[in-house]
Amino acid sequence: MSRFRNYWIYSAGLVIAWVVVLTLAETIKGRESAQPYLLVFCGFCIGWVSTTIARFVYPPPKRWRLS
């Protein structure tokens, strides 16, 4: 299970989840009504980028690192 403890696998899962959510929102509500979902997605992307930068600048404590 420790091989799945990877940030890039987590990120790929998030991409898949957002694709599903945005596709469903556009299909069900239409392009104009799904715009709030796109705004939330853009805010999420800003947070994801800042978190990714922080993960590289500040590495995890030694007890969380895999040998």
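Accessible area per residue, 1.4 Å probe, Å², for the chain: what's the number?
Working: 5880 Å² over 67 residues.
Counting only protein heavy atoms, the per-residue value for the chain is 88 Å².
Return the label of the correct value of mean projected area of the Cα convex hull in nm², as calculated from the structure shown, out of (1) 5.6; (2) 4.0; (3) 4.8.
This structure yields the entry labelled (1).
Need one number: nm distance between label points at Ser33 and Val21, each 7 Å from Cα along Cα→Cβ, rounded to one decimal.
Between Ser33 and Val21, the label points sit 1.9 nm apart.
Calculate the spin-label point distance for Ala12 paired with Ala54, positioning each point 7 Å from the Cα along the beta-carbon direction, and give it in nanometres.
The answer from the label model is 2.5 nm.
Please report the carbon-and-sulfur percent of the accessible area for the chain; probe 1.4 Å, protein heavy atoms only, DNA, RNA and ligands left out.
Carbon and sulfur: 69 percent of the exposed surface of the chain.
The values are calculated or read from the model by the stated rules, or taken from the named source; none is laboratory data. Everything numeric here is computed off the predicted structure, so don't read it as measured data. Every residue, glycine as well, gets a Cβ built from its backbone with ideal geometry; the counts of neighbours run over all protein chains shown. SASA here: full protein model, heavy atoms, side chains in, ligands and nucleic acids out. Shrake-Rupley method; radii C 1.70, N 1.55, O 1.52, S 1.80 Å.
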